[in-house]
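Read-outs throughout are calculated quantities, based only on the coordinates presented, and are distinct from any laboratory measurement. Quick caveat: nothing in here was measured; it's all calculated off a predicted structure. Cβ: placed from backbone, ideal geometry, glycine included. Neighbour counts: every protein chain shown.
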Amino acid sequence: MQSLIIRVDASTQIGTGHLMRCLALAQGWKDAGGEAVFITSCQDEGLLQRLREEGFDIELLSGIYPDKTDWNFTRDILAGHPDARVVLDGYHFNEVYQRQVKEAGHRVLVIDDNAHLKRYYADIVLNQNLHAEQLRYACEPYTSLLLGTRYVLLRREFLAWKQVGHREIPEVARRVLVTLGGGDPANSTIKVIQALQEVDIPDLEATVIVGASNPHADELEAAARQSRIPIRLVHNARDMAALMAWADVAVAASGSTFWELAFMGVPSLVFVLADNQRYLADVLGKLGLAIVLPGCDDPSPADIIQAVTRLLERAEIRAGMIRHSQELVDGKGVERVISFIGGWHENTKVG
């Protein structure tokens, strides 16, 4: 089985979601008998160590495209793996970058969220979001589109919970998971911690994820110590599935983490932390799959308090979210994508 070369980055600004869903794909590829290599500018040692522990090779970049060192370095790695499939996950991998990989003789899978490019030259475009089929992709005649939640990429840690059974739905929820991305540069997490101090629910408790690229760890530690409710901080979480299984509800970013929460059946209140998350948040809100905060870029403390309280107190709302979200994500996305990659025809040249 050919190698899978994965070009993906992670940082405070980019977040960790791109890398973590690529990790899910790499796990599936390895389970199918292949090898995976990550080319990345990620500087977080915790994330890099996780990739190493999974048995994946890492090639570290000094610059990110359009810095010319990115493509020059990547081109040299690809030259050493002439039969490799290539995965690109990141909004900076534009039309030029895709054409360069194709012209180097490789099949290309682009993981995308919003059809933001004028044209796609990949052999496969994968968009795992609910709104994917509403988007218009300008692509080549040879391009295959894998669109929708059938292709959600979940890591092994989640798949182990598939047979757990139905989640209990307490009349009043009390356990809150706060997970606002691997970076959270605006420190929306502290706003949620502060809001939870004003939520009038007996025995309320929270677990707060401090992402691998989060620069606000000291401030969050201080806020947790001063909290009137029990708050546990988890740094660089290694088993998100277990934390989601613990939670009654979640406060999360409107990104790839939402699909993990959906699979685990965790009713969610979502923030929009980046422009590329706005479309998904709108769809989730309209379909009742999550509560979307008003003024979701920068919601007021009162809005957060009101929305959290509503989610905690309304069991019927949570039950509906659980039922509908779990219908969307069945946990077989990685398997479907790996099967499709394995069936790729002979390489198609750029026209």
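Details
- Total lysine pairs in the chain at Cα distances under 24 Å, for residues eight or more apart or on different chains: 10.
- Here segment 57-119 is treated as a sphere whose radius is the Kirkwood value from Cα pairs; by Stokes-Einstein at 10 °C and 1.306 mPa s it diffuses with a coefficient of 129 µm²/s.
- Descending by average beta-carbon neighbour count within 10 Å, the peptides 127-135, 56-64 line up as 127-135, 56-64, the highest first.
- Of the peptides 209-217, 17-25, 89-97, the order by per-residue mean of other Cβ atoms within 10 Å, starting with the highest, comes out as 17-25, 209-217, 89-97.
- Potential extension, Glu171-Glu205 segment - 0.36 nm per residue separation minus Cα distance: 10.7 nm
- Note on volume of the Cα convex hull per residue in Å³: of the candidates (i) 124; (ii) 275; (iii) 181, the value calculated from this structure sits at (i).
- Mean Cβ neighbour count within 10 Å, used as a protection proxy, ranking 101-113, 4-16, 37-49 highest first: 4-16, 101-113, 37-49
- Cα-based shape type of segment 118-274, given that a ≥ b ≥ c are square roots of the gyration tensor eigenvalues and the cut on a/c is 1.5: prolate
- Working from Cα pairs under 8 Å separated by at least six residues, relative contact order for the chain is 17 percent.
- Tilt relative to the chain, helix 315-328 - C-alpha long axis, 0 to 90 degrees, to 10: 10
- Compared with the dominant principal axis of the Cα atoms in the chain, helix 217-226 is inclined by about 20°.
- Computing FRET efficiency as 1/(1 + (r/R0)^6) for Asp298 and Arg225, where r is the C-beta to C-beta distance and R0 is 25 Å, gives about 0.45.
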